[in-house]
Amino acid sequence: MNQYNSLKAIQADLTAGLITLPGLVAMYLKNIEIHNPQLNALVEVYGEEALAAADKIQTKLNNGQAGKLAGMVVSIKDNICYKGHQSSASSAILKGFESLFSATAVERILAEDAIIIGRSNCDEFAMGASNETSVYGPVLNAINPSKVSGGSSGGAAVSVQANMCLAALGSDTGGSVRQPASFCGLVGYKPTYGAISRWGLIAYASSFDIIGPITQSVGDTSSIMEVISGPDGHDATALNTKVLLPKSPEKMTKKMKIAYFKEAIDSEGIAPAVKQQTIAFIEKLKELGHEVKQVSFPYLDVLVPVYYTLTTAEASSNLSRFAGMHYGRRSERAKDLETTVKFSRSEGFGAEVKRRIMTGTFVLSSGYYDAYYSKAQKVRRLVKNYTDSLFEEVDFIVSPTSPTVAFGIGEKASNPLAMYLADIFTVHANISGNPAISIPFGTDEMGMPIGMQLMASRSKDADLLAFTESLSVQF
Ligand code: GLN
């Protein structure tokens, strides 16, 4: 059977009777059996359930009653709740925890007949950029297994990269969908903050978190967005509008105004191949007739500090609920309230999560609140205002997704600062709430994929997706 790279191709073959849905699921299960033991992308596979769903949906297809996503086989990140299934945020503290309800995004894809094939590995509580902090061990990049998958949605990316499913739902707080997509040669999308309900997404930093798809084509991302976006009574921060795409986004011919940051291109840490591809991408956009101009972004150096100050503060509060009482695991040494909390947390959380809880507690502590938390909030506002002012002039902002290609396993694991700095281009969109997409654009000399990021004005998700889809047709 073909290795499919779009839902459109699958649906065409299903309609033509060239394949059946149970056959398609069996193909993905076979790929999982072959590749997952080495790559470690999925931590649990719902084989029987997926086959049973395929049977049911095949009948609906035969009767012409199937939903929009019939034929889409999906993995969901281990921090997205799915009723009756485990969700552990790849942490020992939640090992064995079974969710009592499904995330809104999960309910919505199921209602349109997508099939969930498994739960994907991730950095513990989505904190990381390499998928090395997971209690289940690292995820390996299918192109070169000595390299990281990226993170935190590394398992999500590799599940798609290695054809274990067609698409994945990940989450993006500071780049966790876009960066692994870029490391694996895929499309990764972080919608406008609030475009998808956070109901059922295990919280890391609530004012930054969003669910996002990882796919092989922009069209599939758009199909998923049309289904999962929109208002939700369970989440007051969910926006009131749905993301709806124009009829033929690939035929968009409008000439756009696009900016790139001088500071990003000149930034010290950017790998030569990534810089070269970014320049080539800009040239390509100009060739297509778009107006591309260089602008200054004076806040580039403060993005990472602002991001880590605010997200750790929010994480320290969000993760206080994991105390060995309501969810997941309780320490065997627990005797009373104090030992329950103390031992369950110290045994259950990994080193990176502890580092962030402590940093967050520190920046919120009374003596330092103004110097760190308050100040970072003010700078967040400046970044947001400045970004808004740029989008009065231009339609999109282009940058590399990550300053480097996928690095070696273990290369940055003992240097948190180096790991954090790698988030420089992705955290911007989460700080300001803008939508941003990563699309593959070439490779370095070793064949490792490079991703380009396009960011748009808040709530311009449909425009960004339509434009990117038109680009993928023209490139
Ligand atoms: N690498 C970033 C972090 O560690 C992003 C994580 C994410 O988006 N979930 O926080």
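Only a single item in (1) in contact (Cβ under 8 Å) with a residue 60 or more places away in the chain; (2) outside any helix (DSSP H, G or I); (3) more than 16 Å from the ligand (Cβ to nearest atom) is not met by Lys83, and it is number (1).
Here's the yes/no breakdown for (1) in contact with a His (Cβ under 6 Å, 6 or more places away or on another chain); (2) in a loop (DSSP other than H, G, I, E, B); (3) surrounded by fewer than 20 Cβ atoms within 10 Å (Cβ to Cβ):
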{"position": "Asn2", "(1), (2), (3)": "no, yes, yes"}
{"position": "Asn5", "(1), (2), (3)": "no, yes, yes"}
{"position": "Tyr28", "(1), (2), (3)": "no, no, no"}
{"position": "Pro37", "(1), (2), (3)": "no, no, yes"}
{"position": "Glu49", "(1), (2), (3)": "no, no, yes"}
{"position": "Ala70", "(1), (2), (3)": "no, yes, no"}
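You will find that of Val394, Val427, Val405, the residue that is under 13 Å from Arg178 (Cα atoms), of a type in the set (A, V, I, L, M, F, W, C), touching a residue at least 40 places away in the same chain (Cβ under 8 Å) and more than 12 Å from the ligand (Cβ to nearest atom) is Val405 and no other.
Yes or no, residue by residue, for (1) in contact with a helix residue (DSSP H, G or I) (Cβ under 6 Å, 6 or more places away or on another chain); (2) not polar (S, T, N, Q):
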residue	(1), (2)
Glu250	yes, yes
Thr253	no, no
Glu268	no, yes
Gly289	no, yes
Thr312	yes, no
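Return the only residue of Ala315, Ala323, Ala264, Ala273 being closer than 24 Å to Leu464 by Cβ and small (Gly, Ala, Ser).
Ala264
Tell me whether segment 291-311 contains one or more residues that are part of a loop (DSSP other than H, G, I, E, B), exposed (fewer than 15 other Cβ atoms within 10 Å of the Cβ) and either touching a Pro at 6+ places or on another chain (Cβ under 9 Å) or on the phi > 0 side of the Ramachandran plot (or both). Looking through segment 291-311, none of the residues is part of a loop (DSSP other than H, G, I, E, B), exposed (fewer than 15 other Cβ atoms within 10 Å of the Cβ) and either touching a Pro at 6+ places or on another chain (Cβ under 9 Å) or on the phi > 0 side of the Ramachandran plot (or both). The single condition among (1) more than 19 Å from Val302 (Cβ to Cβ); (2) within 17 Å of the chain's Cα centre (by Cα) that Val427 does not satisfy is (1). Out of Asp220, Asp232, one residue alone is among the charged types (D, E, K, R), assigned to a loop (DSSP other than H, G, I, E, B) and modelled with pLDDT of 95 or more. It is Asp232.
Restricting attention to segment 346-389, which residues are touching a residue at least 24 places away in the same chain (Cβ under 8 Å), over 21 Å from Gly128 (Cα atoms) and of a type in the set (S, T, N, Q)? Within segment 346-389, Gln377, Thr387 meet the criteria. Residues in segment 338-353 that are under 19 Å from Ser317 (Cα atoms) and either exposed (fewer than 14 other Cβ atoms within 10 Å of the Cβ) or modelled with pLDDT under 95 (or both): Glu338, Ser346, Ala351.
Among the residues of segment 114-132, those identified as assigned to a loop (DSSP other than H, G, I, E, B), on the phi < 0 side of the Ramachandran plot, within 13 Å of the ligand (Cβ to nearest atom) and of a type outside the set (Ser, Thr, Tyr) are Cys122, Asp123, Met127, Ala129, Glu132.
If you check Ser389 against the conditions, is it buried (at least 18 other Cβ atoms within 10 Å of the Cβ) and of a type in the set (Ser, Thr, Tyr)? Quick ask: steps written out before the conclusion?
Numbers: buried (at least 18 other Cβ atoms within 10 Å of the Cβ): no; of a type in the set (Ser, Thr, Tyr): yes.
Criteria not met by Ser389.
A single member of Ile431, Ile424, Ile450 is of a type outside the set (S, T, N, Q), crowded, with 20+ Cβ neighbours inside 10 Å and in a loop (DSSP other than H, G, I, E, B), and it is Ile424.
Of the residues making up segment 159-172, at least one is more than 26 Å from Leu471 (Cα to Cα) and crowded, with 24+ Cβ neighbours inside 10 Å. Here Lys147 meets the list (1) surrounded by fewer than 24 Cβ atoms within 10 Å (Cβ to Cβ); (2) over 19 Å from the mean Cα position of the chain (by Cα); (3) not acidic (Asp, Glu) almost entirely, failing just condition (2).
In segment 123-144, of all residues being small (Gly, Ala, Ser) and more than 15 Å from the chain's Cα centre (by Cα), the one that is surrounded by the most Cβ atoms within 10 Å (Cβ to Cβ) corresponds to Ser134.
Applying the selection to segment 193-215, what residues are surrounded by fewer than 22 Cβ atoms within 10 Å (Cβ to Cβ) and over 16 Å from Gly433 (Cβ atoms)? Of everything in segment 193-215, those that are surrounded by fewer than 22 Cβ atoms within 10 Å (Cβ to Cβ) and over 16 Å from Gly433 (Cβ atoms) turn out to be Trp199, Ala203. All of (1) within 16 Å of the ligand (Cβ to nearest atom); (2) in contact with a strand residue (DSSP E or B) (Cβ under 7 Å, 6 or more places away or on another chain); (3) not aliphatic (A, V, I, L, M) hold for Phe441 with one exception: (1).
Just the residues that are among the aromatic types (Phe, Trp, Tyr) and within 11 Å of the ligand (Cβ to nearest atom), please, taken from segment 177-226. Hits for segment 177-226 are Tyr204, Phe208.
The values are calculated or read from the model by the stated rules, or taken from the named source; none is laboratory data. Computed from a prediction, not measured in an experiment: that's the story for all the values here. Using ideal geometry, Cβ is built from the backbone for each residue, glycine included, and neighbour counts are taken over all protein chains shown.
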